[in-house]
RNA sequence: GCAGGCGUGGUGGAACUGGUAGACACACAGGACUUAAAAUCCUGAGAAGGUAACCUUCGUGCGGGUUCGAGUCCCGCCGCCUGCACCA
């Protein structure tokens, strides 16, 4: 140890330790181990080209947990891979004339080296990309097994169609109803497509949520709502005889059968079979339906659009009121995918129905009377009543509650029949739809089937797998390159040997990410999974990723787990035991006079008269400081991770990401914040260096204040204890605050020791500093290794155990209790723990400020919450 | 449109199951060290009022309520964010 202090230099130390970890294979995970397993997984990245701040946050969060669990003695699995199929690679191919494959693997190489510079505890031997032939080969096996188990089927479903480019568009490629490239008004087109039967699992997926106790409540709620179980009644309405149509009845699903007497219209989907029949002889209706389809397929757009209907002129008979006929409308807000694609509208008790009725002058008949209202006074004008109440205007249902009325009307309609068919059938419906996986694109996993005129759909025999993506494709014409590739597409049928066509659709990339967690267990296995090893390693103990995946990705993975159980690839209930959703990384925005967004790098922040102001580095002009927003290209408020890592190093970047903001909330990246992280590193480094030099000084023989040492030891142990809790509950910002308090305390202690370097002080200091380093190691691992080294400890801190906590040191002997008068704090007293109530009472009443306040007041009651608070009520 | 979430000083946030609101950090101000600056260290601080040690009042988006006591629970609003099935 030299005697000249040198600042900590992450640029030199970080690559040094990363190399040592790599050489010693510190983070490689063995499959056969006696120790308890811990599988931590962060959502794998899409290889867009470079990592962004969100990735740094995501992987840092996981790495802290991985390092902590490792220190706790667990056998930790922490793998990394690439969600490598998808649209951006094809966009890049069109724009830059680079093959999607080349683009993707180049991006992966770059991003891998970026991630490595973060010092993560990844077992890189297990890495794979979903576009690796080996991975999609295994996925094709899964697909064929699912096909055999009848978990996959063909169905017609709608796509966004660009009539100019003659190509299918993703929702994000549709902007305000127009195609992003050609500008054409998008149409809906029906195609024969593959779908997974996720709906079969609706009930199981719903019930399974109850057991996922370590998932955020809000995610479970979102999934519950997404699955959308509803109990209702399927009602058969009799169509008033009409020459145009042959069918006699129409089916409607409702959850509000109790409001049947308030029904004033029926609305059917533009995709309803009846609509299609009526369109044949009705030009106007055809135009209306075409108009509806111009909204594209996104549910959001359809529901945001103005509610419109088309009066068909067809009527149905009210099932209970003789002589009352109800008109049928075709309405743009009725979805064919849900229920029967037809609803009855009761305007008085549904806002959307009311808006519709008011627009088309349909009658509004209230049938539910709110508690405290009278029949004469209760009116519905433009606000529907959806609360509780009793039935009226409803014949034999009058006076009943909503629940009773549902029951009675269901019984009634069940007992009636039209043409021998029950008029009412109780039914459970789910909002969840089957998962359409067909994509008319090149860069995805090929669906391994062949279409034969003779034999129909023929699975590609497993020994012929993988169906490889052909490399010789071009992107100069619109549409799916696979569809244009003649030699790839034209094959012989494996069954009959005659000419046949290969399926040219590829799979949704959500399929790839639905089972990668299981592949990490044995990434080189010749079957998709190794069931025995999966049994040992799964479920994932902690999964971490963005909240934007709260519904789809997580639900699909849960579905896959079930599908893989049926097909014999997994024996598992749920894939992810605990889930954590981190927030986004945000940054301030800057805008110049012309309204151009300036990047943080083009701006200098100064403080003028105590106010923060921003100036353009280029022109020197004042720049407006805007809101803190999610880092995005459009607002130009991104910061370059490469630059940040280069100037500050991994540890400071990690530390800043974890400071301040609770990880489930958004993290605001700021230049001031990263400076403070750097300062923290230097403070720790200096503290450790000081401690190591004190050891070399001659020992002074002085009395040591052992009580003082005990107080500091309590701080050290309390911090170790608290930080454990904070890491286990993913409250890293709280852990950071605790660590700051620890180094503030140790700074004080070291000045004491410097004054009087006695043997017992020095021993205590050495003990405390060792704790400090072990505590910070999961957060700033490189710095911790360097500190470990100058202290002359053996081995790596990455391999050391988490510090032992002496429980006796956690007990507080004295408690400071606030004393309130009428709920307002007026004083405080220090009492021993579990001090008798009577004694506290005595003490409190004689307390100076209290007795003064209590003169001329009468004490009504004294509330004493043991070890907490005293409240005097006057 | 539907569903879910969030809102606390100048700023990020802390406050376990209702019990001292503002821990910790940033920014700021003052001081020490320095020829000077940077770095570092020390001190101060929610707001308003009382010259003041000290004290009083107000204060967790807004308006009500429950309670001895509410940032926390309940009801009604406002604002912002996320997802919506072909972006990943």
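The values are calculated or read from the model by the stated rules, or taken from the named source; none is laboratory data. If you're wondering where the values come from, they're calculated on a predicted model, not measured in any experiment. When we count neighbours, we look across all protein chains shown, and the Cβ atoms used for this are built from the backbone with ideal geometry, even at glycine.
Before moving on, here are some points about what is shown:
- The selection criterion, being away from RNA strand B (no atom under 11 Å from the Cβ), under 30 Å from residue A:766 (Cβ atoms) and modelled with pLDDT of 80 or more, holds for residue A:799.
- Hey, residue A:323 touching a residue at least 12 places away in the same chain (Cβ under 8 Å), in a loop (DSSP other than H, G, I, E, B) and on the phi > 0 side of the Ramachandran plot or not: no
- When region A:539-576 is filtered for residues that are buried (at least 17 other Cβ atoms within 10 Å of the Cβ) and part of a loop (DSSP other than H, G, I, E, B), the ones remaining, listed by number, are A:539, A:541, A:550, A:567, A:569, A:570, A:572, A:574, A:575.
- If you filter region A:643-701 down to residues that are at pLDDT below 85 and more than 13 Å from RNA strand B (Cβ to nearest atom), you find that the one that is surrounded by the fewest Cβ atoms within 10 Å (Cβ to Cβ) is A:698.
- Residue check for residue A:54: part of a helix (DSSP H, G or I), surrounded by 12 or more Cβ atoms within 10 Å (Cβ to Cβ) and modelled with pLDDT of 95 or more: no
- Filter result (under 11 Å from residue A:579 (Cβ atoms) and either at pLDDT below 95 or in contact with a helix residue (DSSP H, G or I) (Cβ under 7 Å, 6 or more places away or on another chain) (or both)) within region A:536-552: A:540, A:542, A:544, A:545, A:547, A:549, A:550
- Segments classed as strands (runs of 3 or more DSSP E), wholly inside region A:204-274, with at least 3 members that are under 30 Å from residue A:557 (Cβ atoms): A:229-239
- Residue ID - nearest to RNA strand B (Cβ to nearest atom), chosen from residues in region A:339-355 that are out of contact with any strand residue (DSSP E or B) (no Cβ under 7 Å at 6 or more places or on another chain) and closer than 15 Å to residue A:253 by Cβ: A:350
- Residue pairs meeting the criteria (Cβ under 7 Å; at least 6 apart or on separate chains; first in contact (Cβ under 8 Å) with a residue 40 or more places away in the chain and closer than 30 Å to residue A:568 by Cβ, in region A:151-176; second more than 10 Å from RNA strand B (Cβ to nearest atom) and part of a loop (DSSP other than H, G, I, E, B)): A:151/A:197; A:153/A:197
- Some residue of region A:566-577 being within 11 Å of RNA strand B (Cβ to nearest atom), at pLDDT 80 or above and within 22 Å of residue A:152 (Cβ to Cβ): no
- Among the conditions (1) farther than 24 Å from residue A:433 by Cβ; (2) more than 35 Å from the chain's Cα centre (by Cα); (3) touching a residue at least 60 places away in the same chain (Cβ under 8 Å), the only one that residue A:344 does not satisfy is (1).
- Answer residue from region A:509-528, given it is within 21 Å of residue A:197 (Cβ to Cβ) and either out of contact with any helix residue (DSSP H, G or I) (no Cβ under 9 Å at 6 or more places or on another chain) or outside any loop (DSSP other than H, G, I, E, B) (or both) and is nearest to RNA strand B (Cβ to nearest atom) among those: A:509
- Flag set for residue A:196, criterion: within 30 Å of residue A:90 (Cβ to Cβ), more than 21 Å from the chain's Cα centre (by Cα) and within 11 Å of RNA strand B (Cβ to nearest atom).
- Criterion: in a loop (DSSP other than H, G, I, E, B) and under 21 Å from residue A:278 (Cα atoms) - qualifying residue of A:372, A:337: A:337
- Within region A:69-156, helices (runs of 4 or more DSSP H) holding 1 or more residues that are more than 30 Å from residue A:451 (Cβ to Cβ) and within 25 Å of the chain's Cα centre (by Cα): A:100-116
- So residue A:193, is it farther than 18 Å from residue A:442 by Cα, in contact with a strand residue (DSSP E or B) (Cβ under 7 Å, 6 or more places away or on another chain), touching a residue at least 24 places away in the same chain (Cβ under 8 Å) and outside any helix (DSSP H, G or I): no
- Any chance residue A:315 is free of Cβ contacts under 8 Å to residues at least 40 places away in the same chain and either part of a strand (DSSP E or B) or loosely packed, with under 14 Cβ neighbours inside 10 Å (or both): no
- Any hit, region A:728-738, residues being surrounded by 13 or more Cβ atoms within 10 Å (Cβ to Cβ), within 35 Å of the chain's Cα centre (by Cα), within 16 Å of RNA strand B (Cβ to nearest atom) and not in a helix (DSSP H, G or I): yes
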